[in-house]
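The values are calculated or read from the model by the stated rules, or taken from the named source; none is laboratory data. These numbers come from a predicted model, not from an experiment. We place every Cβ from the backbone using ideal geometry, glycine too, and count neighbours over all the protein chains shown.
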Amino acid sequence: MLRTILIVTLLAATGAPAQAQSYEQLEKWCHDDDATDDQTIQGCSAVISSGRESGEKLSRVYYDRGTALFNKDQLDPAIEDFDEAIRLDPTDPDTFNNRGNAHNNEKDYDLALKDFDQALKLKPDFAYAFNNRGIVYDNLGQTSRAVEDYDRAIALDPNFGDAFNNRGIANLNLGRPDAALADFDNALRVDPKKASSLFGRGVARRRLGDTAGGDADIAAAKAIRADVTEGMAEAGVRP
């Protein structure tokens, strides 16, 4: 199964009690990209409990906490937070996109598609939503439709490495090793150390008759990520 590119702890990373932190520090953790997921959860929980925020600002607090929970693979509470964020602000495509990712990871594919459709309705040039909807179509076995969405994501963002990688996997599963090889080359142009792209390119090379080159790529992929073979097998790709 393809997965995208997220209970609550009451202790900060330092181990200090939550109440030892100032409200300003907790609020900063809630929205700070440099905060750990645990800090974000703690900070956003404090902001919610304070009752100081409402409307769109409170929606963003729930969104940020939901994203941190998603990162920790705590999908049910993440979805609950995204639900509340959407109730407070139903115009934010990012929240629908992230809730769609959570539904996809729970294998609730119909709900995931609805969320990505809504994200794209709100933001028609949302490359990430096209890529993520493509992942759902892949998981449903609708590989050609998945490729169409990856195409759209790449057209919007020619440096979208994950979309190239996902399309490469789809093209391998459709019996198109030439197209897959080009996709994995592009994915590796963006991220030369992406294990799944190296593995996929190795499979494509082997299917095109370049056994030595393919074996070298697969070995390099395994050196980066020991479980890459199992992960790619879940996506339908085997040497």
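Against the definition (within 27 Å of Pro90 (Cα to Cα) and not in a loop (DSSP other than H, G, I, E, B)), how does Asp183 come out, yes or no?
Working: within 27 Å of Pro90 (Cα to Cα): no; not in a loop (DSSP other than H, G, I, E, B): yes.
For Asp183, the condition - within 27 Å of Pro90 (Cα to Cα) and not in a loop (DSSP other than H, G, I, E, B) - is not met.
When the residues of the range 187-232 are narrowed to those that are under 20 Å from the mean Cα position of the chain (by Cα) and exposed (fewer than 13 other Cβ atoms within 10 Å of the Cβ), which ends up nearest to Ala170 (Cα to Cα)?
Top of the filtered list is Glu230.
Quick check on Asn159: is it in a loop (DSSP other than H, G, I, E, B), of a type in the set (S, T, N, Q), in contact with a helix residue (DSSP H, G or I) (Cβ under 8 Å, 6 or more places away or on another chain) and over 23 Å from Ala85 (Cα atoms)?
Here the answer is yes, as Asn159 does meet what is asked.
Among the helices (runs of 4 or more DSSP H) confined wholly to the range 42-149, which include 1 or more residues that are of a type in the set (Val, Ile, Thr)?
Values: elements: 55-71, 75-88, 93-105, 109-122, 127-139.
Filter on the range 42-149 gives 55-71, 75-88, 93-105, 127-139.
Against the condition in contact with a Phe, Trp or Tyr (Cβ under 9 Å, 6 or more places away or on another chain) and either assigned by TED's automatic domain parsing to the domain that holds Asn166 or not in a helix (DSSP H, G or I) (or both), how does Arg206 come out, does it pass?
no
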